[in-house]
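Below is one structure, written out as structure tokens; the observations come after it.
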Amino acid sequence: MKGMTIIVKTISSWVKVLIFLFGIYIILFGHLTPGGGFAGGVILASSYVLLMLAFGRKFAEENLSLPVASKLDCVGALLFAAVALVGLFYGAASFFWNFIHQEYLVGTDYEFNLVSAGTIPLSNIAIGLKVGASLFLVILVLSIFRPDMSGNEKE
Amino acid sequence: MATFYILLLFIIIAAIIAVETQNLLSAVICVGAIGFGASLMFLFLRAPDIAITQIVVEVLGLIILIRACISRERTFISGPREFFGVVVSLVIVFTIFLVGIKILETLPDFGTPIFAEAPEAASRTYTAEGLQKTGAANLVASVILDFRAYDTLGEATVLFTSIIGATVILRKKTKKLLEDPDE
């Protein structure tokens with residue numbers, strides 16, 4: 001797969017940045033506006049899928065290779081579990097205790113700022129990392145796997 | 001309400017075409033149309049969080065399905081339907097229809113959620129004190145990541161496990177291809 005025509009390549013090289021930025025915005029503002037970790041992560045993955053469709057699989061692999069994507073996936077999952085576990089050892093000691101908000105920010109006027117809501121933005125970032133990396137990973141693995149299947153059918 | 005009935009009609013027509021058509025690509029596009037109709041319905045029901053997630057997942061799934069579809073050599077379905085499969089699916093659909101009528105009778109009216117009548121419902125706490133208790137302006141985020149974060153943990157675990165499974169199953173041939181990419 002060598003990619004598509006030069007028109008598609010030029011336009012997608014501009015648009016991919018905007019899609020990536022929009023994914024980051026959806027993740028970071030997940031506790032203020034509609035959206036959140038899952039939707040933002042899928043948008044991040046779709047920007048890499050656009051790269052893969054327009055420029056070919058090799059180009060996308062040079063940008064985000066298979067081992068790096070699987071490590072990002074694991075880091076996101078670990079981060080989400082860590083946010084939950086820190087609450088267990090902190091303050092009122094319960095799983096998923098929103099320790100930052102309940103200990104430091106409660107009663108203050110932080111409600112509608114970007115830095116508010118305690119652990120919710122952290123969980124959003126973790127989930128976004130995990131979902132984006134894992135969806136890109138599964139599409140990459142499927143697209144690598146496909147040529148070998150057709151080879152087997154011919155034999 | 002007329003919008004919902006038009007969208008419902010659109011979704012039902014798309015579903016029937018997706019089942020009845022013989023071209024694989026048209027079936028995939030009809031499945032995409034069902035998803036976009038559902039996303040529009042969520043938007044009109046004032047659930048923008050779910051609408052965003054639905055439309056984004058739909059686009060990504062459509063891309064995967066279309067790529068898998070046009071790389072196949074046979075894209076047409078031919079031959080008669082299997083009699084046993086048709087009978088079994090008709091029986092299942094009819095059973096779900098009968099049970100669904102019974103269950104839909106017990107649901108509250110459209111637009112009046114059940115917690116408006118129950119004073120002790122947990123949803124009242126979420127909507128009334130969610131902003132002070134979590135500090136999140138988006139109440140959906142405060143529910144899925146604070147009050148009901150166990151659900152999100154389970155969902156994340158399901159996704160993680162399925163991706164790990166897919167990667168491990170496909171890994172053997174993938175590694176071989178990565179070492180020798182010209183194949």
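A short reminder: the numbers here are calculations on the coordinates, not readings from a lab. Predicted model, so just to flag it, every value in this text is computed and none were measured. Using ideal geometry, Cβ is built from the backbone for each residue, glycine included, and neighbour counts are taken over all protein chains shown.
List of remarks:
- Contact order for segment B:1-74, expressed relative to its length and based on alpha carbon pairs under 8 Å spaced 6+ residues apart, stands at 28 percent.
- Each residue, B:Val87 and B:Leu45, gets one label point 7 Å from its Cα in the Cβ direction; the gap between the two is 3.7 nm.
- Karplus (6.51, -1.76, 1.60) ³J(HN,Hα), θ = phi - 60°, over segment A:50-67, in Hz, Gly and Pro reported as x: 4, 4, 5, 6, 7, 9, x, 5, 5, 5, 5, 5, 5, 6, 9, 7, 4, x
- Averaged over the residues of peptide B:144-154, the number of Cβ atoms from other protein chains lying within 10 Å of each residue's Cβ is 6.
- Average beta carbon contacts from partner chains per residue of B:44-57, 10 Å cutoff: 4
- Averaged over residues, the count of other Cβ atoms within 10 Å places the peptides B:156-168, A:15-27 in the sequence A:15-27, B:156-168, highest first.
- For segment B:139-151, 3J(HN,Hα) computed residue by residue from phi via the Karplus equation (6.51, -1.76, 1.60; θ = phi - 60°) reads 5, 4, 5, 5, 6, 7, 10, 10, 5, 10, 5, 4, 4 Hz, glycine and proline entered as x.
- Peptides A:74-85, A:30-41, B:102-113, B:60-71 ranked from most to least packed, by the mean per-residue count of other Cβ atoms within 10 Å: A:30-41, A:74-85, B:60-71, B:102-113.
- Filter on A:Lys9/A:Lys130; A:Lys9/A:Lys71; A:Lys71/A:Lys130 - keep pairs with C-alpha separation over 21 Å: A:Lys9/A:Lys130; A:Lys9/A:Lys71
- Max mean-square fluctuation residue, GNM over chain B, Cα-Cα springs under 10 Å, options B:Arg46, B:Arg124, B:Arg81: B:Arg81
- Fewest-first sequence of A:Met52, B:Met41, B:Met1 by Cβ atoms within 10 Å of each Cβ: B:Met1, B:Met41, A:Met52
- Packing rank of B:10-17, A:5-12, where each peptide gets the mean count of other beta carbons within 10 Å, highest leading: B:10-17, A:5-12
- Among the residues of A:37-45, the average count of other protein chain beta-carbon atoms within 10 Å of the residue beta-carbon is 5.
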